[in-house]
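A.B. asks: One structure follows; several queries about it will come next.
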Amino acid sequence: MTEPFYALDTFEPQRSIGYLIKRITKTSTSEIDRRFVGRELNMTHWIALAMLRHNLVDNCAGLARQIGHNSGATTRLIDQLEARGLVEREREHEDRRIVSLAVTEAGREQLEAMTPLVLGVWNDALDGFEKAEVVTLISLLSRLVVALEAREAAAERVSA
């Protein structure tokens, strides 16, 4: 897109990508939290386990960046999961300062048991969408993530 999409004179917050993503996050989180009531895990626990299990992160710092928590909050989250036997810390042999995280068998079982609740929220929300529309939505959002992460990485390089 060579010409900017948004302009000050035509801007409507309810049509803003940021506003819409924030609303989706808020409403989906609320629904997932409701489905997790009375369960051993909350949504943040589930997200951490899913990210570790699917190799999106492998350490506390990476997890903190992905979920938007500070290192202290993420350490407490990992402490909780480790105390429940769902995650284990593994020191690297080459450099003992590096600690990797791994989902245990019990963690995989909990994740497998809870994932249908999360998928149910999204399947319910996407009811009425055509499969091709969902594929397109995922593709567009993925491109947006890549674009924003590239800008973030460039800004970090400049500030370093």
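The values are calculated or read from the model by the stated rules, or taken from the named source; none is laboratory data. Small disclaimer: the values here were computed from a predicted structure and weren't measured. FYI the Cβ positions are ideal-geometry reconstructions off the backbone, even for glycines, and counts take in every protein chain you see. With ligands, DNA and RNA removed, areas are computed over all heavy atoms of the protein, side chains included. Shrake-Rupley method; radii C 1.70, N 1.55, O 1.52, S 1.80 Å.
Results for (1) outside any helix (DSSP H, G or I); (2) open to solvent by 60 Å² or more (accessible area, probe 1.4 Å); (3) over 23 Å from ALA83 (Cβ atoms), shown as yes or no for each residue.
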residue	(1), (2), (3)
ARG96	yes, yes, no
LEU101	yes, no, no
GLY107	no, no, no
ALA113	no, yes, no
ASN123	no, yes, yes
GLY128	yes, yes, yes
LEU137	no, yes, yes
VAL146	no, yes, yes
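A.B. asks: Do you know which residues across region 72-94 are out of contact with any Lys or Arg (no Cβ under 7 Å at 6 or more places or on another chain) and either among the charged types (D, E, K, R) or open to solvent by 80 Å² or more (accessible area, probe 1.4 Å) (or both)? I'd like the intermediate steps shown before the answer.
C.D. replies: We begin by selecting, within region 72-94, every residue out of contact with any Lys or Arg (no Cβ under 7 Å at 6 or more places or on another chain); these are 72-81, 83-94.
Of everything in region 72-94, those that are out of contact with any Lys or Arg (no Cβ under 7 Å at 6 or more places or on another chain) and either among the charged types (D, E, K, R) or open to solvent by 80 Å² or more (accessible area, probe 1.4 Å) (or both) turn out to be ARG76, ASP79, GLN80, ALA83, ARG84, GLU88, ARG89, GLU90, ARG91, GLU92, HIS93, GLU94.
A.B. asks: Something else: Output yes when any residue across region 73-94 is under 27 Å from ILE24 (Cα atoms) and either in a loop (DSSP other than H, G, I, E, B) or of a type in the set (Gly, Ala, Ser) (or both), and no when none is.
C.D. replies: For region 73-94, residues under 27 Å from ILE24 (Cα atoms) and either in a loop (DSSP other than H, G, I, E, B) or of a type in the set (Gly, Ala, Ser) (or both): present.
A.B. asks: Please verify whether LEU20 is within 28 Å of VAL99 (Cβ to Cβ), out of contact with any Ser or Thr (no Cβ under 6 Å at 6 or more places or on another chain), at pLDDT 95 or above and aliphatic (A, V, I, L, M), treating the condition exactly as stated.
C.D. replies: no
A.B. asks: Counting only residues that are open to solvent by 20 Å² or more (accessible area, probe 1.4 Å) and in a helix (DSSP H, G or I), which one in region 47-68 is farthest from THR104 (Cα to Cα)? Can you show your working first?
C.D. replies: Step one: list which residues in region 47-68 are open to solvent by 20 Å² or more (accessible area, probe 1.4 Å), which gives 47, 51, 53-56, 58-61, 65-68.
Narrowing further to those that are in a helix (DSSP H, G or I): 47, 51, 53, 60-61, 65-67.
On the way: ILE47: 15, MET51: 13, ARG53: 9, CYS60: 16, ALA61: 19, ARG65: 22, GLN66: 20, ILE67: 20 Å.
Ranking the candidates gives ARG65 first.
A.B. asks: Can you name every residue in region 22-46 that is aliphatic (A, V, I, L, M), open to solvent by less than 70 Å² (accessible area, probe 1.4 Å) and in a helix (DSSP H, G or I)? Can you show your working first?
C.D. replies: Taking region 22-46 first, the residues aliphatic (A, V, I, L, M) are 24, 32, 37, 41, 43.
So of that shortlist, the ones also open to solvent by less than 70 Å² (accessible area, probe 1.4 Å) come out as 32, 41, 43.
Scanning region 22-46 gives ILE32, MET43.
A.B. asks: Let me ask another. Output the qualifying pairs, or none if there are none: Cβ atoms under 6 angstrom, residues six or more apart or on different chains, first residue in region 132-152 and acidic (Asp, Glu), second residue open to solvent by 70 Å² or more (accessible area, probe 1.4 Å) and not in a helix (DSSP H, G or I).
C.D. replies: Correct list of pairs: empty, since none qualify.
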